[in-house]
Amino acid sequence: MKIHSGPLRNPGFPVRSFTRSSFFLMDSSRHPAPWARRVLAPVALTALTALAGCDTIVMKPHGDIAAQQADLIVTATVLMLLIIVPVIFLTLFFAWKYRQSNTDAPYTPDWDHSTRLELVIWGAPLLIIIALGAITWISTHKLDPWRPLERIDAQRPVPADVKPLVVEVVALDWKWLFVYPEQGIATVNELATPVDRPVQFRITSSNVMNAFYVPAMAGMIYAMPGMETKLHAVINRAGEWEGLSANYSGEGFSHMRFRFLGLAEGDFDRWVEANRAQGGTLDRAAYLALEQPSHREPVRRYARVEPELFGLVVNRCVDASRMCMHQMMAIDAAGGLGKAGIPGTETRPWGDDPAVSRPVVAAALCTPDNPTGELPAALSRQ
């Protein structure tokens, strides 16, 4: 029996290669089948309609930091396309030029090297990588979120006598708390800043890791429990936009959004006064109640905020019965509690049943002068 290693051929019929897609979409006249046109045309139209409704705020923001980041995206994309586009074009060109049916194409099976071609293949990508590396290095330092702003926009530097507005941001389950320490107010799910005034965001989280993101103003910054991150930004146009959580944090993540207002200086002052007139008091008890998980939280306003509340959130000791993290770290830095701290690593009887034991953690320090371990009022607010 003879086994054919190549395709079987019938001398009486021409061989025509086809793929599965061409079999279904092409008829004998090499034109798309009628049903294919009827199906693909609405699909293409639907896709174009959906893309037309996309929000382009990321690439057309209204804050200087976000605008510089958008320019960086465009620059990096163009540099990469300098390699990608020629590669795609040459791939298609060579596939067409050296197709099996083109008998006029040169056939050089012994060719294996070209110095000029090697220089182009390796030199061009290397130059692109060097350019991208230099741009990334410069932009990483220039757009460092911890770095105070040096300009309002491309034409205006920050005046020497202008102080940034400080806003303390707390990511809760599943809502955002904004505290204005200089104004003494706080809001839930509504953020407002003056136009053309630098803003310093101090950001943390009460429970799980999150990400604070206002696309119209600046890039996203992570919010982490027990830590503080910062973001310096500015909005250059009055308007209303949406801010959101950009890091999955549980079942309420999808609706963890807030309203962001860019206001003229006078409108911002009136906004502050309106909050003072309508809001309640955000003390420790109110915060602990607000901290509980909730969905689609409406805007809330607080006319008074307990001093140093943000510091208590960062140190995870809003509950006065808990020792603050900075106090624990101070004890550790001093060498710990010595032998007195050993029982804190063991289990102790728990409840009325002596058979039940649980690990214990020191919540306060007892001294001869303070036998109950209560923290002084000034220290408890740190």
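Quick notes
- Applied to the stretch 250-255, the Karplus parametrisation 6.51 cos²θ - 1.76 cosθ + 1.60 on θ = phi - 60° returns per-residue 3J(HN,Hα) values of x, 5, x, 4, 4, 10 Hz, with x for Gly and Pro.
- Long-range HN-HN contacts of Gly279 with modeled amide H, under 5 Å: Ala303
- Computed from point charges on the beta carbon alone (+1 for Lys and Arg, -1 for Asp and Glu), the dipole magnitude for the stretch 119-223 about its Cα centre is near 180 Debye.
- Interchain or long-range residues, amide H under 5 Å from Ala223's placed H: Asn210, Ala211, Phe212
- Overall, the ratio between the Cα radius of gyration of the stretch 106-158 and 2.2 N^0.38 Å, rounded to two decimals, is 2.17.
- Checking every one of the GluC sites (Glu not before Pro) in the stretch 123-199 against DSSP loop status and a limit of 15 other Cβ atoms within 10 Å picks out Glu150, Glu182.
- Remark: the stretch 148-153, residue by residue, has Karplus-estimated 3J(HN,Hα) of x, 5, 10, 8, 7, 8 Hz, where x stands for each Gly or Pro and the curve is 6.51 cos²θ - 1.76 cosθ + 1.60 at θ = phi - 60°.
Bear in mind these aren't lab numbers, they're just calculated from the coordinates by the rules spelled out. These figures come from a predicted structure and were not determined experimentally. Positions of Cβ are generated from backbone atoms using ideal geometry, with glycine treated the same way; all protein chains shown enter the neighbour counts.
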